[in-house]
1. Equivalent ellipsoid semi-axes for region 178-282, as square roots of 5 times the alpha carbon gyration tensor eigenvalues: give them largest first, rounded to whole Å.
2. Could you tell me the calculated FRET efficiency between Leu89 and Met237, based on Cβ-Cβ distance and R0 = 25 angstrom, to the nearest 0.05?
3. In whole angstrom, and with the biggest value first, how far do the Cα coordinates of region 102-275 range along each principal axis?
4. Rank Ala134, Cys166, Ala269 by how far each Cα sits towards the positive end of the charge dipole of region 102-275 (+1 on Lys, Arg Cβ; -1 on Asp, Glu Cβ) and give me just the farthest.
5. Need one word for region 225-285: rounded, prolate or oblate. Basis is the Cα gyration tensor (sqrt eigenvalues a ≥ b ≥ c); a/c below 1.5 gives rounded, then a/b vs b/c decides.
6. Among Leu111, Leu137, Leu97, what is the fewest-to-most ranking by other Cβ atoms within 10 Å?
7. Please give the length that would be gained between Thr48 and Arg81 if that part of the chain were fully extended, namely 0.36 nm times their separation in residues minus their C-alpha to C-alpha distance (nm, one decimal).
8. Determine the sum of side-chain charges near His255: Lys and Arg each +1, Asp and Glu each -1, restricted to other residues whose C-beta is under 11 angstrom from that of His255.
Amino acid sequence: MSRKSPRSRRKAEAAPRLPGKSRPRTAPGRGRPKRRTARAATPARAATARRRAAGSRVARVRRRPRASRRWSAPDPARVARLIETLARLYPGATTALHHDNPLQLLVATILSAQCTDERVNMVTPVLFARFPDAAALAAAPLPELEELIRSTGFFHAKSVAIRSCCAELVARHGGQVPRTMEELTALHGVGRKTANVVLGNAFGVPGLVVDTHVTRLAQRLGLTRERDAVKIEHALMPLVPRERWTAFSHWLILHGRAVCNARKPRCSACALASDCPRIGVTVSA
């Protein structure tokens with residue numbers, strides 16, 4: 001029996017593999033993408049493609065957001081009619097906060113944040129009987145002050161704001177409430193809304209008070225598209241005569257409480273319906 005030589009029994013060695021020359025593997029579970037073969041165009045397939053393209057164009061037009069529409073300034077004639085109607089509906093409108101002097105109105109306005117005017121009017125008589133002036137309020141014990149105003153909500157922050165504001169009144173203005181927007185807004189806890197309430201109702205200085213009711217009605221009536229209170233105030237200034245700024249704020253507040261409420265406005269009983277675009281109103285009575 002013939003024997004094989006060692007050279008013949010040696011296995012053929014594989015050629016050395018150079019780095020980077022190996023074929024990359026595909027991810028597990030995924031094979032090579034299959035090439036799609038072009039299907040023959042038929043009249044039926046062409047008609048289907050045309051219908052799909054037309055439908056997508058219609059869908060794109062319908063889904064265009066409303067925000068892309070150009071904003072148009074309110075018609076001055078319509079605004080004038082709104083003002084005259086509100087003046088006829090609410091003659092002699094004024095603030096619902098009870099007060100005897102500018103300091104009491106300032107403190108009551110601070111307390112009215114996130115609280116009803118009726119609740120504030122229940123708290124302020126006892127508060128002012130205990131602390132009648134700015135010096136007394138500035139030196140009021142914090143626990144006692146908090147207990148007196150507890151029912152108005154956020155009593156800790158409000159008590160700190162009242163004490164700090166009154167302390168600044170004593171130090172800077174001799175305990176008297178200043179008569180300018182700049183001096184009022186420099187006080188602790190006093191913003192433009194509070195300053196306009198005090199200026200318009202205590203000193204007769206015209207000012208637009210922008211609260212939740214004014215914000216809602218200004219947008220629904222199409223007077224502005226702004227949402228920030230300061231921007232709404234400046235947007236309403238050129239629309240309303242300056243001598244009616246304070247009264248206009250009271251009119252919108254009273255109308256917002258009585259008719260144009262937030263959830264379901266009574267549009268069928270609204271005297272402004274003919275001049276109201278009802279922006280944002282989805283459900284009404």
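No value in this document is a laboratory result; all are computed from the given coordinates. All values reported here derive from a predicted model rather than from experimental measurement. Cβ: placed from backbone, ideal geometry, glycine included. Neighbour counts: every protein chain shown.
1. For region 178-282, the ellipsoid semi-axes come out as 27, 13, 12 Å.
2. It comes out at approximately 0.65.
3. That gives 54, 31, 23 Å along the principal axes, largest extent first.
4. Of the options given, the answer is Ala269.
5. Since a/c reaches 1.5 and a/b is larger than b/c, the shape of region 225-285 is classed as prolate.
6. Leu97, Leu137, Leu111
7. 6.4 nm
8. Residues near His255 contribute +4 overall.
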